[in-house]
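Notes follow the structure.
The values are calculated or read from the model by the stated rules, or taken from the named source; none is laboratory data. Here the structure is a predicted model, which is why all the values come from computation and not from measurement. Virtual Cβ from ideal backbone geometry, glycine too; neighbours counted across all protein chains shown.
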Amino acid sequence: MARTQKPSPASNGGELRIIGGDWRSRKLRFPEAGGVRPTPARTRETLFNWLTHHLPGSRCLDLFAGSGALGIEALSRGAGPTTFVDHTPALAQALRSNLRLLKSENGEVACQAVDTYLAQPPAKPVDILFMDPPFRQGWLEKLLPMIADNGWVKPGSWVYVEHESEMQPPTAPANWTLHRQKTAGQVTYCLFRVKESAD
């Protein structure tokens, strides 16, 4: 997921372990590229406990996908069509390889900058959106309005974001409500619910 100052200590890349669902305990490799940091297992467990009743069949979008930890975990737990977006070719290729390894029929990968990807409206809004951007680069302030204005989510959708814990909570669109929030060390993670727009 997000990039930090500390890349994986393994010279040949990192390892991701799926923690729940059909692929529970499967281990996947991903390259050391851009200092990718998969969302920790404990954080993923908390997040997917929050979403457990909403995942089956949901259309998902994993932005700044990196290792694919969030989108793959969602697929393992019964999510529907899931798109992974990452601009790094080596990571995008590893995601495609890992989805083939898992024999996933619902995952697809877009090797593209996230802001470019979000600039166009989607064919269909997503039910669950995951976003763990690189820290201290202003991505949330830029992208949250794009997600809302371009129709990527709809009333009832869930939006999960991670940000550095010293940062003030991001300003969400007016019809998003903060459903859950926790801080673990240097990372704060939030789950928003999209409501009907107030006219």
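Give the residues of the stretch 4-36 that are modelled with pLDDT of 75 or more, assigned to a loop (DSSP other than H, G, I, E, B) and of a type in the set (A, V, I, L, M, F, W, C), sorted by residue number. Passing the criteria: Ile18, Ile19, Trp23.
Does Ser58 satisfy the condition of being touching a Gly at 6+ places or on another chain (Cβ under 9 Å), modelled with pLDDT of 95 or more and within 27 Å of Thr183 (Cα to Cα)? Taking the combined requirement at face value, the residue satisfies it. Given the structure, is Thr116 closer than 18 Å to Leu191 by Cα, outside any strand (DSSP E or B) and out of contact with any Leu (no Cβ under 8 Å at 6 or more places or on another chain)? Judged against the criteria, Thr116 is not a match.
Yes or no: Thr39 part of a loop (DSSP other than H, G, I, E, B), closer than 15 Å to Leu191 by Cβ and not aliphatic (A, V, I, L, M)? Outline the logic, then answer.
Working: part of a loop (DSSP other than H, G, I, E, B): yes; closer than 15 Å to Leu191 by Cβ: yes; not aliphatic (A, V, I, L, M): yes.
Taking the combined requirement at face value, the residue satisfies it.
Answer with yes or no whether Ala113 is among the aliphatic types (A, V, I, L, M), modelled with pLDDT of 95 or more, out of contact with any helix residue (DSSP H, G or I) (no Cβ under 7 Å at 6 or more places or on another chain) and at negative phi. Against the criterion (among the aliphatic types (A, V, I, L, M), modelled with pLDDT of 95 or more, out of contact with any helix residue (DSSP H, G or I) (no Cβ under 7 Å at 6 or more places or on another chain) and at negative phi), Ala113 qualifies.
For Pro121, state whether it is touching a Gly at 6+ places or on another chain (Cβ under 7 Å), surrounded by fewer than 12 Cβ atoms within 10 Å (Cβ to Cβ) and not acidic (Asp, Glu).
yes
Table: residues versus (1) touching a Leu at 6+ places or on another chain (Cβ under 8 Å); (2) of a type outside the set (Val, Ile, Thr); (3) exposed (fewer than 14 other Cβ atoms within 10 Å of the Cβ); (4) touching a residue at least 40 places away in the same chain (Cβ under 8 Å).
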residue	(1), (2), (3), (4)
Ser157	yes, yes, no, no
Gln168	no, yes, yes, no
Ala172	yes, yes, no, no
Gln181	yes, yes, yes, no
Glu196	no, yes, yes, yes
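When the stretch 80-106 is filtered for residues that are outside any helix (DSSP H, G or I), more than 13 Å from the chain's Cα centre (by Cα) and touching a residue at least 12 places away in the same chain (Cβ under 8 Å), the ones remaining, listed by number, are Gly80, Pro81, His87, Thr88, Leu102, Ser104, Asn106.
Could you identify the single residue in Val114, Val109 that is in contact (Cβ under 8 Å) with a residue 40 or more places away in the chain and in contact with a Lys or Arg (Cβ under 8 Å, 6 or more places away or on another chain)?
Working: Val114 fails: in contact with a Lys or Arg (Cβ under 8 Å, 6 or more places away or on another chain).
Step by step, each of Val114, Val109 is checked, and only Val109 is in contact (Cβ under 8 Å) with a residue 40 or more places away in the chain and in contact with a Lys or Arg (Cβ under 8 Å, 6 or more places away or on another chain).
The numbered conditions (1) crowded, with 20+ Cβ neighbours inside 10 Å; (2) not in a strand (DSSP E or B) are all true for Ile128 except (2). Residues of the stretch 98-110 that are surrounded by 13 or more Cβ atoms within 10 Å (Cβ to Cβ) and either at positive phi or in contact with a His (Cβ under 8 Å, 6 or more places away or on another chain) (or both): none at all. Selection within the stretch 41-85: residues that are under 17 Å from Trp152 (Cα atoms) and of a type in the set (D, E, K, R). The member of this set that is surrounded by the fewest Cβ atoms within 10 Å (Cβ to Cβ) is Arg59.
Please tell me if Gly156 is at pLDDT 95 or above, over 14 Å from the mean Cα position of the chain (by Cα) and in a loop (DSSP other than H, G, I, E, B). Steps first, answer last, please.
Working: at pLDDT 95 or above: yes; over 14 Å from the mean Cα position of the chain (by Cα): yes; in a loop (DSSP other than H, G, I, E, B): no.
Considered against the rule, which asks whether it is at pLDDT 95 or above, over 14 Å from the mean Cα position of the chain (by Cα) and in a loop (DSSP other than H, G, I, E, B), Gly156 comes out as no.
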